[in-house]
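Novice: Here it is, the structure, as C-alpha cells.
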Amino acid sequence: MINLGNLDEIVTRLTDALPPGTAQLRDDVEARFRTVLKSAFEKMDLVTREEFEQQKALLERAQVRLQALQGQLDEWER
C-alpha cells in the first residue's frame, strides 16, 4: 500500500495548486482530496518499491532455475 506520507505530499501539492481565492475552502478541499486519493490507491492495490523489488528478485531466480532445468531436460531427451 502507498505510504501515507506520500499521500500527504500529494494532497499538499494539490491544495497548494489551488487559486489564492480558495483559501477559505482549503481544509475542506484537502480532506476531500485525501479521502478520494486514499480510496483510489486502495482500489489499485499498489505495492511499495521494496515489495516490487523483492518479487522481481524472486522471479529472476525462478527464471534462472527454469532455464537450468530446461537445459537438463534437453540433455535427457538427446
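No lab work stands behind these numbers, since they all come straight from the coordinates. All values derive from a computational prediction rather than experimental measurement. Positions of Cβ are backbone-derived with ideal geometry, glycine not excepted, and every protein chain shown enters the neighbour counts.
Novice: Suppose we take every Cα in the chain and form the convex hull; what volume per residue is that in Å³?
Specialist: Per-residue hull volume (Cα only) is 97 Å³.
Novice: What ranking do T48, T15 get, fewest neighbouring Cβ atoms within 10 angstrom at the top?
Specialist: Taking fewest neighbouring Cβ atoms as first place, the list is T48, T15.
Novice: Go through segment 49-55 residue by residue and turn each phi into a ³J(HN,Hα) via Karplus (6.51, -1.76, 1.60, θ = phi - 60°); whole Hz please, and just put x for glycine and proline.
Specialist: Rounded to whole hertz, the list is 4, 4, 4, 4, 5, 5, 5.
Novice: Which one of P20, L59, Q70 has its Cα pushed farthest toward the positive end of the charge dipole of the chain, where Lys and Arg give +1 and Asp and Glu give -1 at the Cβ?
Specialist: P20
Novice: Still on this structure, I have one more. With θ set to phi - 60° and the Karplus curve 6.51 cos²θ - 1.76 cosθ + 1.60, what are the ³J(HN,Hα) couplings of segment 16-28 in order, to the nearest whole Hz, using x for Gly and Pro?
Specialist: My calculation for segment 16-28 gives 5, 7, 5, x, x, x, 9, 4, 5, 8, 3, 4, 5 Hz in order.
Novice: Cβ under 12 Å from L14's Cβ, L14 left aside: what net charge do those residues give with Lys, Arg +1 and Asp, Glu -1?
Specialist: 0
Novice: Same structure, new question: Taking the number of other C-beta atoms within 10 Å as the exposure measure, put V29, V11 in order starting with the fewest.
Specialist: Lowest count first: V29, V11.
Novice: Please report the relative contact order for the chain, taking Cα pairs under 8 Å with a sequence separation of at least 6, and give it as a percent rounded to a whole number.
Specialist: Relative contact order here is 41 percent.
Novice: Once amide H atoms are built 1.01 Å from N in the peptide plane, which residues 5 or more positions from L46, or in another chain, come under 5 Å H to H?
Specialist: I2
Novice: Can you tell me how much longer the chain between V47 and L73 gets when fully stretched, taken as 0.36 nm per residue apart minus their C-alpha distance, in nm with one decimal?
Specialist: Here the answer is 5.7 nm.
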